[in-house]
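Note sheet for the following structure.
The values are calculated or read from the model by the stated rules, or taken from the named source; none is laboratory data. Predicted, not measured: the structure shown is a model, and the values here were computed from it. Using ideal geometry, Cβ is built from the backbone for each residue, glycine included, and neighbour counts are taken over all protein chains shown. Surface areas here come from the heavy atoms of the whole protein model, side chains and all, with no ligands, DNA or RNA. Shrake-Rupley method; radii C 1.70, N 1.55, O 1.52, S 1.80 Å.
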Amino acid sequence: MQFYGVDVSSRLLLGTAQYPSPAVLSEAIVESRCDVVTVSLRRETSDGTGAGFWDLLREAGKRILPNTAGCHSVAEAVTTAQMAREIFETNWIKLEVIGHADTLAPDVFALVEAARVLSAEGFQVFPYTTDDLIVGEKLLDAGCEVLMPWGAPIGSGQGLRNPDALRAMRAHFPNVPLIVDAGIGRPSDAVQAMELGMDAVLLNTAVAKSGDPVLMARAMALALDAGRAGLVADPMDRRDMAVPSTPTLGMAELG
Amino acid sequence: MQIIVNQIPQTINASSLADTLIELGFTGPAIATAINGQFVPRDARADVTLAHGDRLEVLAPMQGG
């Protein structure tokens, strides 16, 4: 699997926010076996609070996917992306342009515009988008080579609210890496995403806000392995009626 | 001269962005800057001068999803 020409083996992209402690975050990163972690930019204090987190990231040794979380306009998102590129020295950017404060739904019109601006500036954009096919096409036209449809609203843990739409997306964009971003709550949601043919999932709260983030990170990694293997193994077709799995031939007459 | 630093009004003596950051104590390597919503790259900080009322944003890596 490749994102913008970079080989990635893990199907989990892990967010770094909301963990009980930096130590738990570090351990969760290891147990998740992820290749990519997402990070953000926030206002620095003059005592340098950002520096400690920066050191933790460097020790983790993972590829960094900075985000534009919390941005509500094209201008904000573009400036944030430019600042992130300088700090993290990567052209990768998880592009979020939030359209609604309650649902954190993406403003897909501004998203497409920001993706166009950033792609022209050499960014490699990972757009947080809906499962709308037309928006997906416009994002690809804007220069995106990866799409990140939501499963459910950010931080809601509701799982995949519209699996049929994700299945349609898979069929419509057979060669575009699809990463379910947002909404995953449980390992079973991650399994389902894999069975639908998604390439990867990006999650944060499901791990960070579980009772045991390190164990949940491991559970997610196992779920993604199981779901992917299940897809590749080509599951049986559903049947409406029961079919005995034990052969009936050779049954004794005992009644 | 008064400017707005991360939304807080501050009085500074320096005029270049580079000197302003030192004066305000932003000396770590992992910061990025914007003035009035426009990104200012690291290598331009010495040449960019601040004006009264400018909005300076200094951002650093933070946890994110």
ask   = When you go through (1) open to solvent by 50 Å² or more (accessible area, probe 1.4 Å); (2) within 19 Å of A:S73 (Cβ to Cβ) one by one for A:T130, which number turns out not to apply?
value = (1)
Only listed residue being modelled with pLDDT under 95 and part of a loop (DSSP other than H, G, I, E, B), chosen from A:G151, A:G122, A:G143, A:G157 = A:G157
key: Identity of the residue in region A:85-109, open to solvent by 30 Å² or more (accessible area, probe 1.4 Å) and more than 13 Å from chain B (Cβ to nearest Cβ), that ends up nearest to A:V146 (Cα to Cα)   = A:N91
task = Return yes when A:L202 is assigned to a strand (DSSP E or B) and surrounded by 10 or more Cβ atoms within 10 Å (Cβ to Cβ) and no when it is not.
result = yes
task = Examine region A:211-225 for a residue that is on the phi > 0 side of the Ramachandran plot and not in a helix (DSSP H, G or I), and state whether such a residue exists.
result = no
query = Considering region A:94-108 alone, what residues qualify as being touching a strand residue (DSSP E or B) at 6+ places or on another chain (Cβ under 8 Å) and part of a loop (DSSP other than H, G, I, E, B)?
reply = A:E96, A:V97, A:G99, A:L104, A:A105, A:D107
task = Sort through B:A18, B:A30, B:A14, B:A44 and tell me the only one that's aliphatic (A, V, I, L, M), touching a Gly at 6+ places or on another chain (Cβ under 7 Å) and farther than 17 Å from A:E76 by Cβ.
result = B:A30
request  = Taking A:V125 as the residue in question, decide whether it is under 19 Å from A:Q82 (Cα atoms) and surrounded by 24 or more Cβ atoms within 10 Å (Cβ to Cβ).
outcome  = yes
query = For the subset of region B:12-65 comprising residues that are open to solvent by less than 30 Å² (accessible area, probe 1.4 Å) and charged (D, E, K, R), which member is farthest from A:I29 (Cα to Cα)?
reply = B:D54
task = Confirm whether A:R161 is open to solvent by 20 Å² or more (accessible area, probe 1.4 Å), within 24 Å of A:L25 (Cα to Cα) and of a type in the set (K, R).
result = no
query = When residues of region A:17-52 are filtered for being open to solvent by less than 10 Å² (accessible area, probe 1.4 Å) and under 28 Å from B:T33 (Cβ atoms), how many remain?
reply = 8
Enumeration of residues in region A:226-242 that are assigned to a helix (DSSP H, G or I) and either touching a Lys or Arg at 6+ places or on another chain (Cβ under 7 Å) or open to solvent by less than 80 Å² (accessible area, probe 1.4 Å) (or both) = A:A226, A:G227, A:R228, A:A229, A:G230, A:L231
request  = Scan region A:179-199 residue by residue and report those that are charged (D, E, K, R) and closer than 19 Å to A:D212 by Cα.
outcome  = A:R186, A:D189
task = Would you mention how many residues in region B:51-65 are closer than 21 Å to A:E76 by Cβ and in contact (Cβ under 8 Å) with a residue 40 or more places away in the chain?
result = 6
